[in-house]
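*Asks:* I have a structure here, written as structure tokens, and I will follow up with some questions on it.
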Amino acid sequence: MRPILKNKLYLYLTEFFAGMAVMAVELGASRLLAPYFSSSQIVWTIIIGTIMIAMALGNIYGGKSADRDPNPDRLYRRIIIAAVWIALIPVVGKYIILGISAVMIFSVNSNYLIWAAFAACMLIFVFPLFLLGTVTPSLAKYTMENLEDNARIVGTLGAANTIGSIIGTFVPTFISIPAVGTSVTFLIFAGILLVLALLYFFSAKQKSTAAVVGIVLFLASCALGHRSNFAFWKDNLLYEGESIYNYLQVEETDDSVILSTNVLFGVQSILRKDANLTGMYYDYAMAAPFMAGIEEKTAEGEDFSLLILGMGTGTYGSQCARYYPEIQVEGVEIDGKITDLAREYFEMPEDLPVSTYDGRAWLHAVDTKYDVIMVDAYQDITIPFQMSSIEFFTLVRDHLKDGGVMVVNMNMRGQKEGNINQYLADTIAHVFSEIYTVDVLHNTNRELFASNSPEMLSVMERNLALCQDAELQTMLRRVTASLSAYEAGPYLMTDDRAPVELLGMQVIDDLIRDEVAWYKQLYEEYGIQGIIGSF
């Protein structure tokens, strides 16, 4: 046995840092996958499940291996391999995810999100965590000198692993990922593991091929993978980075500046450079202030207030304020980094109040009532369950003035019976008596308007007639003509039961099937060359 192993502290440090690295990789996995597959509970379940599988198999193999050949060199070589693998994740991980996504889109007809996320976890994360899973049983073998204190030693090893896991949970979330990003976070913890193993080999002043190769590959990974450029194919990004909550991407086109929290699809906020209407759901949502009587109230000098839950970069609020400077706009955005980007890239005024808070918690904290409340907190499949229940919509209703209107942006338009939008609309129907919906053209969004005022449409007609802006009036006339009264069904979501992830996944499967049907037909008729030739 090498001299360094006679020091029990070193063995406990090995256990400590192995536990820390496992949790850091798990959290890093969620951030690596989120821009492609969302950060929903489904994805988290897959990450946790596959990692637990890897750790269990590692425990079994590590115990058998240590009994068969109790040579610590083998354990520390495995740690070097795990460190190098983790360091390579920022270099090749995104390419693997995109490759898996392409294969899964063409090969599965349902549960795309589950299969793609599971395959990505299996290929990218299982092997290094399997290797780290061998640490505990191997160290138990090396630290026990007799059976009299074996329980104490196993307990101390377990405590060291658990304490390391605790630190490995907090450091990435609150320190490393917000400060330096996911890629560098992987490199930091890979470096810690590598140093730990190098201390073992170099303590005996003996050359190790594994150590030398590990150093070279780690340095190469640092050079190639230090940037979190998830959207590596885009060259028009003003900003790409991460916050505690999101992957964030600010893209500039000829006519717009766009915020996205997903690499592959989705627009969370947009700024039109010509200050015209966006042509997106924000324009449709402009009907809500008219349903609440904005023209009549501002003409009479009354205050008119708008609260946006899910402010983003303020597209909707800025648009309302541009047409009606008298309107009092207030926003709530849980991700403070998005607010910072809004001020820097999206011309959000410094004096526009935005609170960094969860939308529901904010409603609990204030007594203010508003003419319009916009709920725009649903991102792709990531729908906060606590902002989709009857309890939440009741809270929104209680913060509306008499005749007030709630508008909800539902960003996935389901077609099947019992889809996510039906659940949301039926739940809202338990709280509001008047509900109208309109589908956004050339988009998957649906806007829902809810009020307890039976006159909301007549109020809109009166106020629309007073509108002085021809472009806005024309747009809202089209919205009015497309409004459909919603007939409530039997579906209901509560704080106790709100299966938003599974419902959202069903819609995503339908959307993907519709989008790739043409490419599948090309592939069946002409093979891969047919798909390549279509671009």
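*Asks:* If you scan region 373-398, which residues turn out to be assigned to a helix (DSSP H, G or I), crowded, with 21+ Cβ neighbours inside 10 Å and under 21 Å from the mean Cα position of the chain (by Cα)?
*Replies:* Filtering region 373-398 for residues assigned to a helix (DSSP H, G or I) gives 385-387, 390-398.
Add one more test, that the residue is crowded, with 21+ Cβ neighbours inside 10 Å, and what stays is 387, 392-393, 396.
MET387 - this is the single residue of region 373-398 that is assigned to a helix (DSSP H, G or I), crowded, with 21+ Cβ neighbours inside 10 Å and under 21 Å from the mean Cα position of the chain (by Cα).
*Asks:* Using beta carbons and a limit of 6 Å, which pairs, at least six apart or on different chains, have the first residue in region 426-439 and surrounded by fewer than 19 Cβ atoms within 10 Å (Cβ to Cβ) and the second one basic (Lys, Arg)?
*Replies:* From residues that are surrounded by fewer than 19 Cβ atoms within 10 Å (Cβ to Cβ), the pairs are ASP439/ARG446.
*Asks:* Look through region 430-446, keep the residues that are β-branched (Val, Ile, Thr) and part of a strand (DSSP E or B), and return whichever of them is nearest to GLY403 (Cα to Cα).
*Replies:* In this case the residue turns out to be ILE435.
*Asks:* Something else about it: Kindly check whether there is at least one residue in region 331-354 that is surrounded by fewer than 18 Cβ atoms within 10 Å (Cβ to Cβ) and among the polar types (S, T, N, Q).
*Replies:* No.
*Asks:* What pairs come up if the first residue lies in region 94-109 and is over 17 Å from ASN262 (Cβ atoms), the second is among the hydroxyl-bearing types (Ser, Thr, Tyr), and their beta carbons are under 8 Å apart, counting only those six or more places apart or on different chains?
*Replies:* PHE106/TYR519; PHE106/TYR523
*Asks:* From the list LEU27, LEU57, which one is in contact with a Pro (Cβ under 7 Å, 6 or more places away or on another chain), under 19 Å from ALA82 (Cα atoms), surrounded by fewer than 23 Cβ atoms within 10 Å (Cβ to Cβ) and among the hydrophobic types (A, V, I, L, M, F, W, C)?
*Replies:* Only one candidate qualifies: LEU27.
*Asks:* Something else: Look through region 27-46, keep the residues that are in a helix (DSSP H, G or I) and in contact with an Asp or Glu (Cβ under 6 Å, 6 or more places away or on another chain), and return whichever of them is modelled with the highest pLDDT.
*Replies:* Of all residues in region 27-46, those in a helix (DSSP H, G or I) come to 27-37, 41-46.
Within this subset, residues satisfying the condition of being in contact with an Asp or Glu (Cβ under 6 Å, 6 or more places away or on another chain) are 41-42.
Values: GLN41: 78, ILE42: 82.
This residue is ILE42.
*Asks:* Condition first: within 30 Å of ASP67 (Cβ to Cβ) and crowded, with 17+ Cβ neighbours inside 10 Å. Now tell me which residues in region 148-187 satisfy that.
*Replies:* Selection gives ILE153, LEU157, ALA160, ASN161, GLY164, SER165, GLY168.
*Asks:* Next up: Is it true that some residue in region 130-147 is surrounded by 18 or more Cβ atoms within 10 Å (Cβ to Cβ), within 23 Å of VAL91 (Cα to Cα), in the same structural domain as ILE79 (by TED's automatic domain parsing) and touching a Phe, Trp or Tyr at 6+ places or on another chain (Cβ under 9 Å)?
*Replies:* yes
*Asks:* Now for a separate question. Does region 15-26 contain any residue that is assigned to a helix (DSSP H, G or I), in contact (Cβ under 8 Å) with a residue 24 or more places away in the chain and more than 17 Å from GLY168 (Cα to Cα)?
*Replies:* no
*Asks:* Surrounded by fewer than 20 Cβ atoms within 10 Å (Cβ to Cβ), touching a helix residue (DSSP H, G or I) at 6+ places or on another chain (Cβ under 7 Å) and part of a helix (DSSP H, G or I): does that describe LEU476?
*Replies:* In short, no.
*Asks:* Give the residue that is modelled with the highest pLDDT, with candidates limited to residues of region 413-425 that are part of a loop (DSSP other than H, G, I, E, B) and either out of contact with any strand residue (DSSP E or B) (no Cβ under 9 Å at 6 or more places or on another chain) or crowded, with 20+ Cβ neighbours inside 10 Å (or both).
*Replies:* By that ranking, first place goes to ASN419.
*Asks:* Something else now. Strands (runs of 3 or more DSSP E) wholly in region 213-328 with at least 2 residues that are more than 25 Å from VAL440 (Cα to Cα) and not assigned by TED's automatic domain parsing to the domain that holds LEU395 - which ones?
*Replies:* 237-242
*Asks:* Sticking with this structure for a sec: Which members of region 318-337 meet the condition of being closer than 21 Å to VAL372 by Cβ and within 23 Å of the chain's Cα centre (by Cα)?
*Replies:* Within region 318-337, GLY331, VAL332, GLU333, ILE334 qualify.
*Asks:* Another one. Considering only residues that are of a type in the set (Val, Ile, Thr) and touching a Ser or Thr at 6+ places or on another chain (Cβ under 6 Å), look in region 288-315 and name the one that is farthest from ALA275 (Cα to Cα).
*Replies:* My answer is THR313.
*Asks:* Are any residues in region 378-399 under 14 Å from HIS364 (Cβ atoms) and of a type in the set (A, V, I, L, M), and if so, which ones?
*Replies:* Result: MET387, LEU395, VAL396.
*Asks:* Moving on to the next point. Can you name the number of the only condition in (1) within 25 Å of TYR247 (Cβ to Cβ); (2) in a helix (DSSP H, G or I); (3) touching an Asp or Glu at 6+ places or on another chain (Cβ under 9 Å); (4) touching a residue at least 24 places away in the same chain (Cβ under 8 Å) that ASN409 fails?
*Replies:* Checking ASN409 against (1) within 25 Å of TYR247 (Cβ to Cβ); (2) in a helix (DSSP H, G or I); (3) touching an Asp or Glu at 6+ places or on another chain (Cβ under 9 Å); (4) touching a residue at least 24 places away in the same chain (Cβ under 8 Å), the one that fails is (2).
*Asks:* Here is a further query. Test each condition in (1) touching a residue at least 24 places away in the same chain (Cβ under 8 Å); (2) hydrophobic (A, V, I, L, M, F, W, C); (3) more than 30 Å from VAL250 (Cβ to Cβ) for LEU32 and report the one that comes out false.
*Replies:* Only one criterion is unmet by LEU32, namely (3).
The values are calculated or read from the model by the stated rules, or taken from the named source; none is laboratory data. On a predicted model such as this, the values are computed, not experimentally measured, just so you know. Cβ atoms come from the backbone with ideal geometry, glycine included; neighbour counts cover every protein chain shown.
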